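The values are calculated or read from the model by the stated rules, or taken from the named source; none is laboratory data. Here the structure is a predicted model, which means the values were calculated and not measured. Cβ sites come from the backbone with ideal geometry, for glycine too, and all protein chains shown count toward neighbours. The accessibility values were calculated without ligands, DNA or RNA, using every heavy atom of the protein model including side chains. Shrake-Rupley method; radii C 1.70, N 1.55, O 1.52, S 1.80 Å.
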Amino acid sequence: MASSAAATSAGLRYKDKVTIVTGGSKGIGKGCVEVFVKNGSKVVFCARGEKEGAEVEAAMNAMGPGEATFVKCDMSQEDQIKNLIDVTVAKYGRIDCLINNAGIHPPHKPIDDFTTDDVRELMNINFVSYFAASKYALPHLRKTQGNIINDGSLVAHLGQMWAVSYVATKGAIASMTRALAVDEAAHNVRVNMFSPGNVWTPLWEDAAKTTGDFETAIQGGRDCQLLGRFGTIEECGLVCMFLAADATFCTGIDIPVSGGAELNYGNKNMQGKENPFK
């Protein structure tokens with residue numbers, strides 16, 4: 001009891017719990033790694049980039065009070081996903097939380113310019129990787145009565161211009177979250193998700209650069225939110241911490257992390273509108 005009280009007073013809301021974060025070297029995944037390490041978690045995170053992963057690992061371990069371990073992993077490869085789970089269990093003997101986050105956003109273009117192979121590849125990276133990581137982590141999560149948190153997107157509910165394949169992958173994640181929450185309730189494993197709106201990440205910055213008018217794109221991104229700004233990767237991490245540590249009577253829910261982007265009317269007339277990302 002005393003040690004628990006001490007942990008709470010120190011703000012360590014996930015002390016000694018073991019968390020996996022996919023795509024944890026940058027963007028929202030990095031925000032999750034940092035928040036969970038700050039709250040005492042033992043975090044295993046993966047990415048394809050070895051240099052970036054090693055840098056984040058070193059920075060997190062220097063910060064503490066939790067710890068971080070980087071595992072190189074291509075989330076399009078099932079054997080590497082299985083290895084990520086196996087490495088975690090070999091190191092720590094358990095898994096308490098899986099945060100499925102790794103994914104990509106292809107260039108904006110109409111359906112005419114996507115091939116069916118493009119869609120299959122994107123579905124494999126953005127959705128099948130979530131399915132596989134969940135499948136291999138669940139035998140361990142059932143033992144700890146842990147939880148899965150899926151990073152979705154607000155566009156799964158709103159749609160998005162010239163992004164039909166990406167939106168479809170995020171819709172699949174939302175549907176899987178609800179269905180898996182139903183099944184895993186028998187094991188007291190909670191499955192939830194959060195849906196970011198415009199969060200400032202390297203992915204968003206790169207997309208803005210393709211428009212040819214970076215500042216206008218950035219201002220347009222800010223203006224989509226009622227709060228008039230981008231969200232931060234730390235704010236996404238804090239929502240995940242809430243879902244993992246505090247929302248113990250919540251399963252199958254989806255938290256918008258959107259600054260109110262889904263509310264109110266807006267200028268949505270698509271008549272004659274051309275793709276600004278060409």
Does residue 188 satisfy being under 22 Å from residue 232 (Cα atoms) and of a type outside the set (Asp, Glu)?
-> no
Long-range neighbours under 6 Å by Cβ, at least six apart or interchain, first residue over 14 Å from residue 101 (Cβ atoms) within segment 221-236, second modelled with pLDDT under 95 and not in a loop (DSSP other than H, G, I, E, B) = none
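Listed here are the residues, each with its yes/no results for (1) of a type in the set (Phe, Trp, Tyr); (2) touching a helix residue (DSSP H, G or I) at 6+ places or on another chain (Cβ under 8 Å); (3) closer than 22 Å to residue 26 by Cβ.
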site: 119; (1), (2), (3): no, yes, no
site: 138; (1), (2), (3): no, yes, no
site: 148; (1), (2), (3): no, yes, yes
site: 155; (1), (2), (3): no, yes, yes
site: 176; (1), (2), (3): no, yes, no
site: 186; (1), (2), (3): no, no, no
Starting from segment 192-212, take each residue that is under 19 Å from residue 261 (Cα atoms) and open to solvent by less than 70 Å² (accessible area, probe 1.4 Å) and list its partners that are among the hydroxyl-bearing types (Ser, Thr, Tyr) and not in a helix (DSSP H, G or I), counting only C-beta distances under 6 angstrom and pairs at least six apart or across chains.
-> 195/153; 197/258
Considering only segment 166-180, state which residues are aliphatic (A, V, I, L, M) and open to solvent by 10 Å² or more (accessible area, probe 1.4 Å).
-> 167, 168, 172, 176, 179, 180
Of all helices (runs of 4 or more DSSP H) fully inside segment 38-139, the set with 1 or more residues that are within 22 Å of residue 203 (Cα to Cα) and open to solvent by 80 Å² or more (accessible area, probe 1.4 Å) is 50-63, 116-123
Any residue in segment 112-135 that's within 17 Å of residue 85 (Cα to Cα) and touching a residue at least 24 places away in the same chain (Cβ under 8 Å): show its pairings with residues that are open to solvent by 90 Å² or more (accessible area, probe 1.4 Å) and not basic (Lys, Arg) at Cβ separation under 6 Å, as long as the two are six or more apart or on different chains.
-> 132/78
Checking residue 8 against (1) part of a helix (DSSP H, G or I); (2) modelled with pLDDT of 95 or more; (3) of a type in the set (Val, Ile, Thr), which test does it fail?
-> (2)
Exclusive hit being small (Gly, Ala, Ser), open to solvent by less than 80 Å² (accessible area, probe 1.4 Å), assigned to a loop (DSSP other than H, G, I, E, B) and farther than 30 Å from residue 142 by Cβ, set 266, 221, 252 = 266
